[in-house]
């Protein structure tokens, strides 16, 4: 919470103290106002505030996720315009992986830093490539150079899909390690307590 938010909650606290003390506890107006003022000052200093760097980090995560979701929406829309069923299916899988990556970052904001290049470069490149692909494919021109370019994009989509899946696995690798440690500790405890399977 920043200082502005802190001031709002302090004001609400002061108003609540005044209402309770004046209307319910039947204290004099002056006493109720003094208690409300004490509540206002106490709220201002005692309510927790977020450090500027924490607020900046949260704002960065929020804007990065918003941009990522916007790019995901663009790729989904391009996928719907693609006529080749296998291309549309591959793009749907890519979009599913992107969605999981964004969800992972939303759940754990520390994942943003290792995913920055993915969000900035890989998504932008995918949007650009698929925009040009969709435009060229819609022209239905049988020129050799255009067909070769379309085929190159189609073969490249598998590489893009693999890269995105590796990015997701990289973001989740810490959780896998944590799970392995917890399982190992649990197994040791079970063995120490004598609840393990007898050999």
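Only the coordinates and a few stated rules stand behind these numbers; no lab work does. These numbers were taken from a predicted model, which means no experiment stands behind them. When we count neighbours, we look across all protein chains shown, and the Cβ atoms used for this are built from the backbone with ideal geometry, even at glycine.
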> If the viscosity is 0.890 mPa s and the temperature 25 °C, what translational diffusion coefficient in µm²/s does Stokes-Einstein give for segment 61-192 when Rh comes from Kirkwood over Cα pairs?
Replying inline: 149 µm²/s
> So if R0 is 45 Å, what FRET efficiency would residue 96 and residue 26 give, r being the distance between their Cβ atoms, rounded to the nearest 0.05?
Replying inline: 0.10
